[in-house]
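The values are calculated or read from the model by the stated rules, or taken from the named source; none is laboratory data. Since the model is a prediction, treat every value here as computed from it, not as a measurement. FYI the Cβ positions are ideal-geometry reconstructions off the backbone, even for glycines, and counts take in every protein chain you see. Ligands, DNA and RNA are excluded from the accessible area calculation, which covers all protein heavy atoms including side chains. Shrake-Rupley method; radii C 1.70, N 1.55, O 1.52, S 1.80 Å.
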Amino acid sequence: RVGPSDVSVLITGESGTGKELVARAIHRQSLRKDAPFVAINCGAIPETLLESELFGHEKGAFTGATQQRKGRIESAQGGTLFLDEIGDIPPGLQVKLLRFLQEHQIQRLGGREPIVVDARILAATHVNLQRAMSEGRFREDLYYRLCVVTIAVPTLKERGSDIVLLARTFLGKFAEAQKKPLKGFSPEAIEALAAHHWPGNVRELENRIKRAVVMAEGRYVTPLNLELQE
């Protein structure tokens, strides 16, 4: 239901739950599916570089700016812009991002002419934005611009039978890549998968299966291969 609309969506959930996959699924269901899907992890880029990454810059805008460069927002023209870890954007940039969401225009660093950008905004965070707002770390007006619709992605442990389903999917994928004739998991491995707490969520599961495929010597993956043996 959300995909074909053009509203902003805020995707919440712990790290490793697959928030970007949800964003990509929304994009694939949208009328913008043939246009770019541009993702940027706002928490992985130093604050001094984030503005240039988002808005771009003109030649000579700062030391080292030897040529004009489009930002991620402009690169999403006609498509979808996915702002991962939106809760990590510093206050000064929150103001500029809000202005873009209101006016659908940006200015590159060092630029004078506004650039009209038509892009759908999807955002994700593991941060409690309600708490961040109460502490003055996140703008309330930006929050309500971003979360027309909110999708909460549950932890892997909350997803019950998905654990084994995902594990089997990853096993088939990695066994084929490693060219190993693995038939599946031992009954003890299935029990261990279901019993584990999965603090790292789907990302942890994927990494454990990848490692288990490399280490497995028989036809079946065991708890020892998964490093889930007590």
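Could you go through region 26-48 and let me know if any residue there is in contact with an Asp or Glu (Cβ under 9 Å, 6 or more places away or on another chain), assigned to a helix (DSSP H, G or I), at pLDDT 95 or above and not hydroxyl-bearing (Ser, Thr, Tyr). No. Number of residues in region 146-160 that are open to solvent by 60 Å² or more (accessible area, probe 1.4 Å), touching a strand residue (DSSP E or B) at 6+ places or on another chain (Cβ under 8 Å) and not polar (S, T, N, Q) equals 2. All conditions but one from (1) under 27 Å from Ala152 (Cα atoms); (2) open to solvent by 30 Å² or more (accessible area, probe 1.4 Å) apply to Glu58; the one that does not is (1).
Can you find a residue in region 64-72 that is under 21 Å from Ile26 (Cβ atoms), open to solvent by less than 20 Å² (accessible area, probe 1.4 Å) and not in a loop (DSSP other than H, G, I, E, B)? Looking for residues that are under 21 Å from Ile26 (Cβ atoms), open to solvent by less than 20 Å² (accessible area, probe 1.4 Å) and not in a loop (DSSP other than H, G, I, E, B), one finds none in region 64-72, hence no.
For Leu166, the conditions (1) open to solvent by 20 Å² or more (accessible area, probe 1.4 Å); (2) in contact with a helix residue (DSSP H, G or I) (Cβ under 8 Å, 6 or more places away or on another chain); (3) touching a residue at least 60 places away in the same chain (Cβ under 8 Å) all hold with the exception of (3). The requirement of being surrounded by fewer than 20 Cβ atoms within 10 Å (Cβ to Cβ), over 21 Å from the mean Cα position of the chain (by Cα), free of Cβ contacts under 8 Å to residues at least 60 places away in the same chain and closer than 26 Å to Thr12 by Cα is satisfied by Gly92. Within region 130-171, the set of residues being under 22 Å from Ile73 (Cα atoms), within 21 Å of the chain's Cα centre (by Cα) and in a helix (DSSP H, G or I) comprises Leu142, Tyr143, Tyr144, Arg145, Leu146. The set of residues in region 19-40 being surrounded by fewer than 20 Cβ atoms within 10 Å (Cβ to Cβ), closer than 19 Å to Asp88 by Cβ and among the small types (Gly, Ala, Ser) consists of Ala39 alone.
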